[in-house]
Amino acid sequence: MPTIILLDTSALMDVRVIRRKLDTYSPLQFTISAIHTFLDEISVTSKLEVVAIVSCSPEPEVLCPFTREYDSIKKKLRQIEPGNEFNLYDGLDGIESLFLGEWPSNEAVTIIAVYDATSIERLSRHKTGVELSLTGKLLLLGLQDGYESDYREVTPNITANNNLDVILLQPNLPITETSLQHVFSSIVESYYQQFVAQLICGDLVSKVTVWPVPEPHTSITDFDYKVYKPEQQVEIMGFLELSTLGCAAAVSRHLISPWVPPPPPLMFRGLKEQRLTQDEDPEGNVPSFVVLLHGALKVENMCAICFIADEWFGALYACADSKKKSNLVLALFYPGKNSVPWLGDLNALTIPSTPPASDCFPVKSGDKKSYSQNNVAWIRQPGLQSDIQKILRHARKLPEKTQQFYKELNRVRKAAICLGFTSLIEGLANLLERECTLLPGTAHPACAFQLTHAAGILREPYSRDPKYTIMPMKMSF
């Protein structure tokens, strides 16, 4: 789930206010420090999260595009200079355009808007609000100077659809660097925690991290609905060849990686610059069933059918995004025991006691599909003319080209029937009769007989059946 931080960089946010206790107050600098803490924490809990920084002073401006390079975001934040008047509503409009330009409309997004709360009243005089059609969460953090007794809740006028949750955040007053850090830390604790599950295969059990976090799925029917929630265990039921699974429809796809113990939590001590420290990364030094499973599925070109929740299944398979890098991916099917129609009831899949005598699955049809044959395309006149000339060339070389002649004749006849071009069949019959009268005296006698035979069959009603095939005339010489 991508994250967009909408930051108020106006001069009002950068001004230093002297409070009653003669301490200075700079909301912009406090916010930048809190964003640094936010980036430090998600680099541990959600290191694959992509983050973008956007401002609107007064036009929407991308300060940092979507990236996982959190150090580059911090570098951009240090270079921010105070701008003109901030417009929250125009900024949210710009974020919607930015997001839909790079991500699909059904992708969930988390928007964190940090702004001067007093600017909302000023904006309300010129613009009544904003309407958003995104999916995900909108976290609004309005900052205002003062103490608890001075606090007034200011709510922006934002109209969102049912898929976007609007949440108001309020830091502890008075606003300090530590209070804003605690707000962003609570955001990480609520929305950016790892989804740790147990991968079970028989007696083998391994902890894995699933990213992004699987969301509950609501299945709606004509008279009822049911909410399916993923359990924190993925149990492998059996294995199939990838060709058997095919391209099964999936609700979502998730990256599976070995679980790494998190470092100790970050303790706030009022320092301006603080980094997360952790012991040497144990990943890669401890044997993992996930690595074994990934390698086996990749080499054997197979997938593992998994049980996710009651009547909810998925598939584990190796997915390569380049020639060198491959990952273990979990595809969650649509809930239901018949979510993959050609496999039938997924609860009924079992391992046979004896291997099958032959490769009997999937069932192959004896009919040759139309898309597996050579296509006939008559978009322009030269294409049709070329096919007719090919038939006539084979006709002049009868009986040596008897098989080729009838093959081309049947191909053109069937294509004409499929396209409803029945007049072409009558024209072919006339051409073959005319070619028969123009044969030289040195031509083989079988040539005239075969041309007359083919022309006669083309005029018969049963030759309009596309399943019928014109066969050569049997001759004794």
Notebook entry, point to check: Among the residues of the stretch 364-386, is there at least one that is surrounded by 12 or more Cβ atoms within 10 Å (Cβ to Cβ), at pLDDT 85 or above and closer than 25 Å to LYS474 by Cα?
Noted result: no
Item checked: Scan of the stretch 306-343 for residues that are farther than 22 Å from PRO212 by Cβ and either of a type in the set (Gly, Ala, Ser) or open to solvent by less than 10 Å² (accessible area, probe 1.4 Å) (or both), ordered by number -> GLY336, VAL340
Next item on the list: For the stretch 438-471, enumerate the residues that are closer than 14 Å to LYS407 by Cα, at pLDDT 90 or above and open to solvent by 80 Å² or more (accessible area, probe 1.4 Å).
Entry: MET471
Checklist line | Candidates ASP14, ASP23, ASP8, filtered to the one that is at pLDDT below 85 and in contact with a strand residue (DSSP E or B) (Cβ under 7 Å, 6 or more places away or on another chain) | finding: ASP8
Notebook entry, point to check: Pick from the stretch 291-342 the residues that are touching a Pro at 6+ places or on another chain (Cβ under 8 Å) and among the aromatic types (Phe, Trp, Tyr): which of them is farthest from GLY246 (Cα to Cα)?
Noted result: TRP312
Note to self: Taking the criterion of being outside any strand (DSSP E or B) and of a type in the set (A, V, I, L, M), would at least one residue in the stretch 104-114 satisfy it?
What the structure shows: no
Check: Would a scan of the stretch 192-209 turn up a residue that is under 16 Å from PHE307 (Cβ atoms), under 23 Å from the mean Cα position of the chain (by Cα) and not in a strand (DSSP E or B)?
Finding: no
Check: From the residues in the stretch 41-93 that are among the small types (Gly, Ala, Ser) and touching a residue at least 12 places away in the same chain (Cβ under 8 Å), which one is surrounded by the most Cβ atoms within 10 Å (Cβ to Cβ)?
Finding: GLY91
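The values are calculated or read from the model by the stated rules, or taken from the named source; none is laboratory data. Bear in mind that the values here come from a model prediction, so they are computed numbers and not experimental data. Virtual Cβ from ideal backbone geometry, glycine too; neighbours counted across all protein chains shown. Please note that ligands, DNA and RNA were not included when accessible areas were found on the heavy atoms of the full protein model with its side chains. Shrake-Rupley method; radii C 1.70, N 1.55, O 1.52, S 1.80 Å.
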